[in-house]
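Here the structure is laid out as C-alpha coordinates; the discussion comes afterwards.
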Amino acid sequence: LTKILGVIDNVERMIKEGFKNQAEHPLKTELAKFRTEILSKLSEYNVSPVESLNQKYNVDFHEAITTVPVPGKEPGTIIDVFENGYTIGTRLLRAARVVVAQ
(Lines give C-alpha, C1' and ligand atoms only; values in the text may rest on other atoms or scores of the structure.)
Protein backbone atom coordinates (compact mmCIF):
# COMPACT_ATOMS: atom_id res chain seq x y z
CA LEU A 1 0.00 0.00 0.00
CA THR A 2 2.78 2.46 0.77
CA LYS A 3 4.02 2.20 -2.82
CA ILE A 4 0.57 3.24 -4.05
CA LEU A 5 0.68 6.21 -1.66
CA GLY A 6 3.85 7.35 -3.43
CA VAL A 7 1.96 7.38 -6.74
CA ILE A 8 -0.81 9.47 -5.14
CA ASP A 9 1.86 11.86 -3.79
CA ASN A 10 3.26 12.36 -7.28
CA VAL A 11 -0.19 13.00 -8.76
CA GLU A 12 -0.95 15.52 -6.01
CA ARG A 13 2.37 17.31 -6.62
CA MET A 14 1.59 17.51 -10.35
CA ILE A 15 -1.83 18.99 -9.62
CA LYS A 16 -0.51 21.46 -7.03
CA GLU A 17 2.79 22.53 -8.60
CA GLY A 18 2.39 21.79 -12.29
CA PHE A 19 -0.68 23.94 -12.80
CA LYS A 20 -0.15 26.81 -10.33
CA ASN A 21 -1.18 29.52 -12.77
CA GLN A 22 -3.84 27.54 -14.60
CA ALA A 23 -7.14 27.19 -12.76
CA GLU A 24 -8.70 25.06 -15.48
CA HIS A 25 -6.58 22.76 -17.59
CA PRO A 26 -7.77 19.46 -19.11
CA LEU A 27 -4.80 17.50 -17.76
CA LYS A 28 -5.26 18.97 -14.27
CA THR A 29 -8.90 17.91 -14.34
CA GLU A 30 -8.01 14.38 -15.43
CA LEU A 31 -5.29 14.05 -12.79
CA ALA A 32 -7.79 15.12 -10.13
CA LYS A 33 -10.24 12.48 -11.36
CA PHE A 34 -7.47 9.87 -11.27
CA ARG A 35 -6.56 10.86 -7.71
CA THR A 36 -10.21 10.62 -6.64
CA GLU A 37 -10.54 7.17 -8.22
CA ILE A 38 -7.42 5.84 -6.49
CA LEU A 39 -8.58 7.19 -3.11
CA SER A 40 -12.00 5.65 -3.69
CA LYS A 41 -10.44 2.25 -4.37
CA LEU A 42 -8.23 2.56 -1.28
CA SER A 43 -11.25 3.41 0.85
CA GLU A 44 -12.62 -0.04 -0.05
CA TYR A 45 -9.66 -1.35 1.99
CA ASN A 46 -10.40 1.10 4.83
CA VAL A 47 -7.50 3.39 3.85
CA SER A 48 -8.22 7.09 4.24
CA PRO A 49 -6.23 10.34 4.23
CA VAL A 50 -5.46 12.14 7.49
CA GLU A 51 -7.05 15.59 7.62
CA SER A 52 -4.16 17.97 8.25
CA LEU A 53 -4.43 21.43 6.67
CA ASN A 54 -5.48 24.07 9.24
CA GLN A 55 -5.57 21.40 11.97
CA LYS A 56 -3.52 21.41 15.16
CA TYR A 57 -0.24 19.53 14.87
CA ASN A 58 -0.56 16.07 16.42
CA VAL A 59 2.60 14.01 16.82
CA ASP A 60 0.53 10.83 16.47
CA PHE A 61 -0.50 11.72 12.89
CA HIS A 62 1.95 14.37 11.64
CA GLU A 63 5.65 14.77 10.99
CA ALA A 64 6.75 18.42 10.97
CA ILE A 65 9.28 19.05 8.21
CA THR A 66 9.63 22.70 9.19
CA THR A 67 8.06 25.48 11.22
CA VAL A 68 7.58 29.07 10.07
CA PRO A 69 6.29 32.24 11.72
CA VAL A 70 2.88 33.16 10.33
CA PRO A 71 1.22 36.32 11.64
CA GLY A 72 -2.41 35.68 12.50
CA LYS A 73 -2.05 31.89 12.70
CA GLU A 74 -2.13 30.14 16.04
CA PRO A 75 1.19 28.41 16.79
CA GLY A 76 0.97 24.69 16.16
CA THR A 77 -1.47 25.07 13.25
CA ILE A 78 -0.61 23.15 10.09
CA ILE A 79 -0.27 25.65 7.24
CA ASP A 80 0.88 23.38 4.42
CA VAL A 81 0.94 19.65 3.66
CA PHE A 82 3.96 18.29 1.82
CA GLU A 83 2.65 14.70 1.78
CA ASN A 84 -0.71 13.51 3.06
CA GLY A 85 -0.82 10.96 5.83
CA TYR A 86 -3.04 7.89 5.71
CA THR A 87 -4.72 5.54 8.14
CA ILE A 88 -5.89 2.00 7.61
CA GLY A 89 -8.81 1.57 9.96
CA THR A 90 -7.67 3.11 13.24
CA ARG A 91 -3.97 2.42 12.61
CA LEU A 92 -1.60 5.00 11.14
CA LEU A 93 -0.24 3.80 7.82
CA ARG A 94 1.91 6.87 7.16
CA ALA A 95 2.25 10.18 8.99
CA ALA A 96 1.49 13.39 7.09
CA ARG A 97 4.59 15.52 6.39
CA VAL A 98 3.57 19.07 7.23
CA VAL A 99 4.64 22.68 7.74
CA VAL A 100 3.60 24.11 11.09
CA ALA A 101 3.07 27.72 12.19
CA GLN A 102 5.35 28.88 15.03
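What is the dipole size for the chain, taken about its Cα centre, with +1 at each Lys and Arg Cβ and -1 at each Asp and Glu Cβ, in debye to the nearest 20?
In total the dipole reaches around 100 debye.
How fast does region 1-45 diffuse by Stokes-Einstein, in µm²/s, taking the Kirkwood radius from C-alpha pairs at 25 °C and 0.890 mPa s?
Rounded to a whole number, D works out at 223 µm²/s.
Hey, can you grab everything whose amide H is under 5 Å from the amide H of VAL50? Only 5+ residues off in sequence or another chain; H modelled, so Pro and N-termini drop out.
Residues meeting the criterion, in which the H sits 1.01 Å from N, are GLY85, TYR86, THR87.
Can you pull the accessible area of HIS62 for me, 1.4 Å probe, Å² to the nearest 10?
About 10 Å², ignoring ligands and nucleic acids.
Accessible area, 1.4 Å probe, largest first: how do ARG35, ARG91 sort?
ARG91, ARG35
So for LEU27, LEU92, what's the accessible-area order with a 1.4 Å probe, most first? Write down the numbers at each step before the final one.
On the way: LEU27 95, LEU92 60 Å².
Largest accessible area first, the list is LEU27, LEU92.
Report the dimensions of region 1-89 along its three principal axes from the alpha-carbon atoms, largest first, rounded to Å.
The Cα atoms of region 1-89 stretch 37, 36, 17 Å along their principal axes.
Sticking with the crude label model, points 7 Å out along Cα→Cβ, report the distance from ASP80 to ARG35 in nm, one decimal please.
For ASP80 paired with ARG35, the spin-label model returns 1.6 nm.
Given points 7 Å out from each Cα along the Cα-Cβ axis, report the VAL59 to TYR45 separation in nanometres with one decimal.
Each label point is offset 7 Å from its Cα along the Cβ direction, giving 3.0 nm.
Roughly how many Å² of THR67 are accessible to a 1.4 Å probe, to the nearest 10?
Counting only protein heavy atoms, THR67 exposes about 70 Å² to solvent.
Net charge near ARG13: determine it from the other residues with C-beta under 15 Å of the C-beta of ARG13, scoring Lys and Arg +1 and Asp and Glu -1. Walk me through the numbers before you get to the answer.
Details: positive: LYS16, LYS20, LYS28, ARG35, ARG97; negative: ASP9, GLU12, GLU17, ASP80, GLU83.
Net charge around ARG13: 0.
With all protein chains present and a 1.4 Å probe, how do LEU1, LEU39 order by accessible area, largest first?
These residues rank, largest area first, as LEU1, LEU39.
Which net charge results when you count Lys and Arg as +1 and Asp and Glu as -1 among the other residues whose beta-carbon is under 13 Å from that of ILE88? Each step should come with its number before you reach the end.
Values: positive: ARG91, ARG94; negative: GLU44.
Charge balance in the 13 Å sphere: +1.
Taking θ = phi - 60°, what integer Hz values does the Karplus form 6.51 cos²θ - 1.76 cosθ + 1.60 yield along region 55-60, in sequence order, with x for Gly and Pro?
9, 6, 4, 10, 4, 6
Under 22 Å between alpha carbons, and skipping anything fewer than 8 positions from LYS20 in its own chain: which lysines qualify?
Correct list for LYS20: LYS28, LYS33.
The values are calculated or read from the model by the stated rules, or taken from the named source; none is laboratory data. Every value quoted in this text rests on a predicted model; they were computed, and no experiment measured them. Please note: Cβ atoms are built from the backbone with ideal geometry, for glycine as well, and neighbour counts cover all protein chains shown. Keep in mind that these areas ignore ligands, DNA and RNA; they rest on the heavy atoms of the full protein, side chains included. Shrake-Rupley method; radii C 1.70, N 1.55, O 1.52, S 1.80 Å.
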